[in-house]
Amino acid sequence: MNRNCDIRINKISIVSLTLWLYAIAAVVTDEGSMLMKLARVILIGVFAIYLLLKKEFRNNNYILCMGVFCLIAISSTNWAINKVYANAMGKTLLINLVCMYALFFIVDRKKERIEEVLKALVVAPLFLELRVIVTGGIFAFSSSRKTGNINGNTVGVCAAFAICFAIYFILKGYKVRWFRTMVIANLIVVILSSSRKAILCFLIPLAMIYVFDNRDNIVKNASKIIIVILIGFVGYYALLHVPFLYSMAGHRIESMVAGLFGTDAAVDSSTSTRLNLIQWGIEWFKERMWFGYGIDNYRFVLHSYHSNWSLAYYAHNNYVELLVDVGLIGTIVYYFNYVLMLGSSARNVRKITKQELLFIGILVAIMISEYGLVTYYDKYIQVILLLIWMIIETLKE
């Protein structure tokens, strides 16, 4: 055991192996799988060793805020319409919270350990795509949004953020050829996922780097914004008029835009369903505005009002899901960390480099994508949010 508590066997850090195992398991494995359980046990075990050696708990506003949210979610079991759903989700959130604190404690805002997690997250989507190919074939998501337990959006979003993490290392000049290869490989996964959210999830951070890198030159920034808008229009035109791109993702982008502008005739069944789920959710939220119906009870409320809808449905919108489940109070508590991170970024804007700007862009991409995803219990998204928090925190130093 060395002074940094970093156990090594044949020059391989046990801490690094732990971080890699948990990060890859968070992407590739299903909830409740043996590998996910093993990764959690090892993570918490290493954390316990560190805790015994250092004999101190570290104060962490991010974990504190998530702890309050977890407490609200667990307490909502008392007034939940369906206590079984609320109790199960409360346990999931508690497990995630313990793992996030263990991850925070082990990483300890050390840059090299943050980067170990990022390296794992760069390659993990490729293993997930391999699962998809084995289960449903290489074009599994061209006609269906799900194969087995794997959703197309999940695969696409993981690959999109992997592109961003690879670009982080390219900006640092670290193993540039390898990470360029990873960018191309994950871009292929994004295309195969047919996920419109995935496209936004890597384009938004890249656009932020391009536009805001030179923060002192307002004229130059304005011209870059115009260029980004023009590129967006050209890309949208290509998605609609290039047959291969249209069949893979263009028709879904077209439907999303039609839904936003209320053009019902051009909206596909998936977008129409999501719009209904959002509209109904807002109506139910108004009836129990402050504390909601209980965590993970959106699906039960939906089934109560519309019995022909399966209990498998959820809001497909993180904001609406939380508003219905835990009301305005729980939703504000959950998103308080997002506000703190954006606020800290704004206060330290002069210190922000391209690398930090990339992660701020990822945070913005998550917030936008949550219009069509439910992520509050997603272990992968929680890992990314924790990493972003630690990276932004270093700006204060």
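Every number in this text was worked out from the coordinates using simple rules, so none of it is lab data. Values in this document were obtained by computation on a predicted structure and should not be read as measured data. A quick note on method: Cβ atoms are made from the backbone with ideal geometry, for glycine too, and the neighbour counts reach across all protein chains shown.
Summary table
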| item | result |
| --- | --- |
| Chymotrypsin sites (Phe, Trp or Tyr not before Pro) restricted to DSSP loop in the range 310-356 with at most 15 other C-beta within 10 Å | Y313 |
| For the range 335-348, 3J(HN,Hα) per residue [Karplus equation, 6.51 cos²θ - 1.76 cosθ + 1.60, θ = phi - 60°, Hz, x = Gly/Pro] | 8, 4, 4, 4, 5, 4, 5, 5, x, 5, 5, 5, 5, 10 |
| Packing rank of 277-283, 159-165, 356-362, where each peptide gets the mean count of other beta carbons within 10 Å, highest leading | 159-165, 356-362, 277-283 |
| Residues of the range 165-199 with amide N under 12 Å of the 7 Å Cα→Cβ point at K111 | 172-173 |
| Exposure proxy order (Cβ contacts within 10 Å, fewest to most) of D108, D325 | D108, D325 |
| Distance (nanometres) between label positions extended 7 Å along Cα→Cβ at L342 and L52 | 4.4 nm |
| Extension gain from Y174 to S33, taking 0.36 nm per residue of separation minus the Cα-Cα distance | 47.4 nm |
